[in-house]
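Scroll down for the structure; my scribbles are underneath it.
What follows is calculated from the coordinates using simple rules that are stated; it is not laboratory data. Please read these numbers as outputs of a predicted model, since none were measured by experiment. Glycine also receives a Cβ, built like all others from the backbone with ideal geometry; neighbour counts cover every protein chain displayed.
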Amino acid sequence: MAIYRQPSKKIHRGFFYLNDETVINSLSAVESGKIDEVVAKVNSAREGGFGGGLGFQGANIEGSKKSTSALAEEIVRTRTRFSVFELWYQTLVDGKALGSFEGWGPNALNGVEPGHTVEFRATLEVVPLQTLLRLYLWFSDKTKTQGHVFSQKGEELKSTKDSERNIKMLLGDNDEGGAGESIFIAKPIGESGPAVAMPISGEWLIGKIGRLGGEYSIVAQVDQILGPQEELPTLRLTHDVSATPLEITTLRDSVSNFVEPAKAMGVDVSTSDASITGPALWLNPIAIFR
């Protein structure tokens, strides 16, 4: 008979997402000495690995200080972001500053307020409309090269590129490497209850969206609590002003044009995907991990 012995302590975290900028800013306000200690240790490790000149076949590479420094700084940032998260997370736990949920259900949002930092377990999925649009971006990228089934030329390729530009604008992507963001729907473990949505910025992704699956622990700050029939759009037509009913209506009308094409790609899209409707919890995610 097989017997599994559970770990008595969880040390490793497999991060899918970590906004370390928020973590560092938050921890700096209350425990800056701890951050200084972590950075000092990581810097010490860096100096041990990058100190001295580097030579190759008689050529001294030390002159390329800029590239070496950039590489070193990236290593420091990569090491520091996880170390600082553990300090920040433990500080919240010790200070009883982390809200949690016992299960889920219709009354799950009782007592929850904007600004609270909360933790819960949930399954995650991308809003279907955004899945469809990113599938199209994958397709449009393939059309630009020749010699395979997706290749396009002439007016057909021009039309695809025009559509690509419009979709990138909706998603917030750009040709200079801007990663944009995707709206995720979280389904907390428990009974059916209020919807939970959050924008995931490509800047802070560690995992791949395509590998999303199963349950995750989510640490986030409450941004808004939507009452019954209140809405927030899942795509922004403009990021310069707050969302308006007109924007949501316009987006819903636009989504109707995608319903049939989406079926051909195996994605179920409906006009309801244009917005998140309350009662709902809208979060600013900080960390998603296992």
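Using +1 on the beta carbon of Lys and Arg, -1 on that of Asp and Glu, and nothing else charged, what's the dipole of region 117-289 about the Cα centre, debye to 20?
Working: 15 positive and 23 negative charges, 115 e Å.
That gives region 117-289 a dipole magnitude of about 560 debye.
Roughly speaking, what is the centre-to-centre gap between region 191-224 and region 91-170 when only Cα atoms are used, to the nearest Å?
After rounding, the separation between the Cα centres reads 9 Å.
Just to verify a number: FRET efficiency for GLU230 and SER163, C-beta to C-beta distance, R0 = 25 Å, to 0.05?
Numbers: r = 32 Å, r/R0 = 1.27.
Efficiency at R0 = 25 Å is approximately 0.20.
Taking 22 Å as R0, compute the FRET efficiency from the Cβ-Cβ separation of ILE11 and GLU37 and round it to 0.05. Before the final figure, lay out the partial values.
On the way: r = 19 Å, r/R0 = 0.87.
Efficiency at R0 = 22 Å is approximately 0.70.
Of LYS10/LYS96; LYS34/LYS208; LYS161/LYS208; LYS144/LYS168; LYS9/LYS96, which pairs sit farther than 22 Å apart, going by alpha carbon to alpha carbon? Intermediate values should be presented prior to the final figure.
Numbers: LYS10/LYS96 19 Å; LYS34/LYS208 31 Å; LYS161/LYS208 25 Å; LYS144/LYS168 16 Å; LYS9/LYS96 20 Å.
Checking Cα-Cα distances, LYS34/LYS208; LYS161/LYS208 exceed 22 Å.
Using a Förster distance of 22 Å, how high is the FRET efficiency between LYS144 and SER201, based on the Cβ-Cβ distance and rounded to 0.05? Intermediate values should be presented prior to the final figure.
Values: r = 26 Å, r/R0 = 1.20.
Plugging the Cβ-Cβ distance into 1/(1 + (r/R0)^6) gives 0.25.
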